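Okay, structure first, notes after.
The values are calculated or read from the model by the stated rules, or taken from the named source; none is laboratory data. No experiment lies behind these values; they were computed from the predicted model shown. Cβ atoms come from the backbone with ideal geometry, glycine included; neighbour counts cover every protein chain shown. Calculation scope for accessible area: heavy atoms of the full protein, side chains included, ligands and nucleic acids excluded. Shrake-Rupley method; radii C 1.70, N 1.55, O 1.52, S 1.80 Å.
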Amino acid sequence: MNLQLDEQGRLKHLLTTEGLPRSLLERLLDRAEPYARAAEAGFKKDPLLVGKTVVNLFFENSTRTRTTFELAATRLSADVVNLQVAASSTAKGETLLDTLKTLEAMQADLFVIRHEASGAAHFFAEHAAPGVAILNAGDGRHAHPTQALLDAFTIRRHKHKFEGLSVAIVGDIVHSRVARSNIHALRSLGCTDLRVVGPPPLIPAGIVELGVSVEHDLMRGLDGVDVIILLRLQKERMVGAFLPSLGEFHRDYGLTRERLARLKPEVLVMHPGPINRGVEIEGEVAYGPQSLIIEQVRNGVAVRMSVMAEILANTQ
Amino acid sequence: MSKSPSSLLIQNVRLLDPAGDRDTVTNLLLRDGAIAALGADALAGGDESLDAGGHWLLPAATDLAARLREPGATQKATIASEASAALAAGVATLCVPPDTKPVADTPALIDRIHAKAAQAGAARVLVLGALTQGLAGEALAELSALKAAGVVGVSNGQRPLANALVARRALEYAQGLGLTVHVQALEPALANSGCAHEGAIATRLGLAPIPVAAEVAAIRQWISLVEDTGGRVHFGRLSSARGAELVESAQQRGLPVSADVAIHQLFLTDAALEGFNAQAHLLPPLRSEDDRQALRAALARGVIGALCSDHQPHEPDAKINPFPLTEPGTSSVETLLPLALELVHEGLLTPLQMAQRLSLGPSRVLGQSLPELQPGARLPLVLVDPQSPWTLRAQDLRSRGRNSLFDGRRFQGRVLRVFP
């Protein structure tokens, strides 16, 4: 996966958290700190990327993620172009490559790409002109590295370290790029007790080889954990095929106040959003005192600023 | 290939005769495309002679699965381009699956493919007829008419049949005509549009998985139908240990089932997908190391009686896309013999066994006889240097498809000359 690092080990593209050394992950988290603090203090604008062009190229619908990337680029004073491309118009390979080449010709410096196919970000990075950076905003089930970084950033702000932390990722692991990216990032950052929790059809084959343990019983999986990362259940494709009903999923895997009360009092609850109230999480838990869900969104901007600043500093 | 003189003496050659089950160093006189004499008798003649010490002479290969892309996808390749690439690589007979466009479900189309191949004048092209009309999996194609047009078997290619009843009736009907049903076993519901072997690598890369059960369930169902009907089934492109195991147990019970493997399955595993390598996007997918070892063992035991290339040439664009959106398949007819030689170097097969898996085994699947290498025999032969080292460059392939899995790989042994 050295596609994303240059010969000096500096970040050239951000495609996945897999294979990123701890020092680099920490550097990205450190770099996000001042952006987060400045925003909290009301100072939002930084002139760092004046004259740079960032293109948000989204082949999959997303308002939330696209907005945070847009905000991050704008706060760094880059020019931002948003392109929502219907997947149907890019069914052929030439068109996908043509899209990239056409936009490159407009002197874009950084592409933020979301695509439904796993490996799409790698594909763009392989074909991008020298000096053009690719930032993966989610490719299929494969990776969502900035989500993993913002989750790590949020955890670090509260727990200050990763060694000794127990983290459980709960729900639809099989389709989740967030789960995969979190596993790689948290492992690399020093977290050794990582668990994935869900019904067997939602746990992919061989996941233990990524360095996690698997638990099918929610309360056993959450026993003694410090952090719970709930995943969004893609309701449309779940019922019938993977699960009998959303109600049954909630009964066995939903995080409720009653269940939360039986866990460590300082346990943190996270979710990449948007949440399905009453499915993976009870509304009261989502906005309860242990929930970091809103803070994750806020931190998302700072972390994405950090990544953009890092990558574009390296492409000079 | 250089033009053969009217008679040629090949001296001191290691002659691999699969049909005669002989492996000897001898002299051989070729005259007008037939073996004229062997041993000391051969030394009497020859307009030209060739010292082939250290080299092997064997029947040219018969490839049970090669897509030539014509008609229907001539942006990828043509019958002429692939038949001549194959022949130059020592593959003198190609068996084409019916999934051309239009589908090979009418005598007219079979005739057209045969005519194009004759025109090309390179490798001989045999056709598997469509098992169902349009390969739609529902109504049987006119199998008797296809047989009269010269198909060497029938198949639904990689397309599913509507249900087990269609499969059973197709098998019975084909049996009545003496046609073997070629099956690429993949239960479509379990394969579920996946693009990679189910396991840790597909999970890490986020690629939709194809479980081993997709192959095993389909094999099991077909074997049940063979048990009922006695119809003959050939399982093409086995990819899993459990699949090979099922075929072996069916053979032990005397059922008329045979199997082949695409030779790249014996060399690569799903590890080749690392970095979203679209060249390794295949169907069936490259599977685990255990599967690879079991397939090798099944080949050595003869459970898998034939090696094939599963040649699928593509235009470059077919592989220029994110992995799941690329087209599966690899351009592989030119690596069939070089890889087979490696199986000998690695000690898996004897040279004679290799020759058997490349010619006798596939011929039997097609119900064709392979002559013994005796005076009077007329069959395409290939002369190989089993030792000569070389490096494959995809851009140097003769096939129109440059989508090789082995670009840059070092090989030991190559085809020197083909006597068609």
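Data overview
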| item | result |
| --- | --- |
| Accessible-area composition of region B:38-78, carbon plus sulfur, in percent [1.4 Å probe] | 45 percent |
| Ellipticity estimate at 222 nm from DSSP helix runs (n ≥ 4, -39,500 (n - 2.57)) divided over the protein assembly as shown, nearest 500 | -9500 deg cm²/dmol |
| Partner chain coverage, peptide A:119-126 - average Cβ within 10 angstrom | 5 |
| Antiparallel DSSP beta bridges within chain B, percent to nearest 5 | 45 percent |
| Cα long-axis angle, helix B:212-229 against chain B (0 to 90 degrees, to the nearest 10) | 80 degrees |
| A:Ser166 long-range amide H proximity, modeled H, under 5 Å | A:Asp226, A:Val227 |
| Of the DSSP H helices in chain A, those whose Cα atoms cover at least 30 Å axially and whose Kyte score averages 0.5 or more | A:293-314 |
| Region B:1-59 - share of DSSP beta bridges that are antiparallel (%, nearest 5) | 70 percent |
| Solvent-accessible area per residue, Å², over region B:300-397 with all protein chains present [probe radius 1.4 Å] | 32 Å² |
| Within the protein assembly as shown: Cβ-based charge dipole about Cα centre, in debye rounded to nearest 20 (Lys, Arg +1; Asp, Glu -1) | 860 debye |
| Three-way shape label, region A:145-292, alpha-carbon gyration tensor, a/c 1.5 | oblate |
| Taking the C-alpha atoms of the protein assembly as shown, convex hull volume expressed per residue in Å³ | 165 Å³ |
| Surface accessible to a 1.4 Å probe, A:Lys44 within the full protein complex, Å² | 110 Å² |
| Average beta carbon contacts from partner chains per residue of B:313-320, 10 Å cutoff | 2 |
| C-alpha long axis of helix B:79-88 to longest principal axis of chain B, angle in ° | 50 degrees |
| Where A meets B: accessible area buried, both sides, 1.4 Å probe, Å² | 1800 Å² |
| About the Cα centre, charge dipole magnitude for region B:345-420 (Lys/Arg +1, Asp/Glu -1 at Cβ), debye | 280 debye |
| Long-range HN-HN contacts of B:Arg417 with modeled amide H, under 5 Å | B:Leu383 |
| Cα centroid separation, region B:340-387 to region A:117-184 (Å) | 51 Å |
| As computed over chain B, the Cα convex hull volume per residue (Å³) | 125 Å³ |
| Accessible surface of chain A, 1.4 Å probe, proportion on carbon and sulfur as whole % | 51 percent |
| For region B:326-340, 3J(HN,Hα) per residue [Karplus equation, 6.51 cos²θ - 1.76 cosθ + 1.60, θ = phi - 60°, Hz, x = Gly/Pro] | 7, 8, x, x, 9, 7, 9, 5, 7, 9, 4, 5, x, 6, 4 |
| Helix axis angle, B:164-176 relative to chain B longest principal axis, alpha carbon, degrees | 30 degrees |
| Dipole of chain B, positive direction: furthest Cα of B:Asn403, B:Gln353, B:Ala294, with charges on the beta-carbon | B:Asn403 |
| Long-range amide H partners of A:Ile134 with built H, under 5 Å | A:Leu14, A:Phe111 |
| Cα-centred dipole magnitude for region B:39-179, charges only on beta-carbon of K, R (+1) and D, E (-1), debye, nearest 20 | 680 debye |
| DSSP bridge orientation in the protein assembly as shown - percent antiparallel, rounded to nearest 5 | 30 percent |
| Averaged over B:199-212, number of beta-carbon atoms from partner chains that fall within 10 Å | 6 |
| Accessible surface, chain A, averaged per residue in Å² (probe 1.4 Å) | 39 Å² |
| Solvent-accessible area per residue, Å², over region B:76-189 with all protein chains present [probe radius 1.4 Å] | 37 Å² |
| Alpha-carbon centroids, region A:1-64 and region A:223-259: separation in whole Å | 31 Å |
| Hz values of 3J(HN,Hα) by residue in region B:126-142 - Karplus curve (6.51, -1.76, 1.60), Gly and Pro given as x | 10, 10, 8, x, 5, 6, 10, 4, x, 6, 6, x, 10, 8, 4, 6, 7 |
| Cβ crowding within 10 Å averaged over residues, with A:27-39, A:252-264, A:118-130 ranked highest first | A:118-130, A:27-39, A:252-264 |
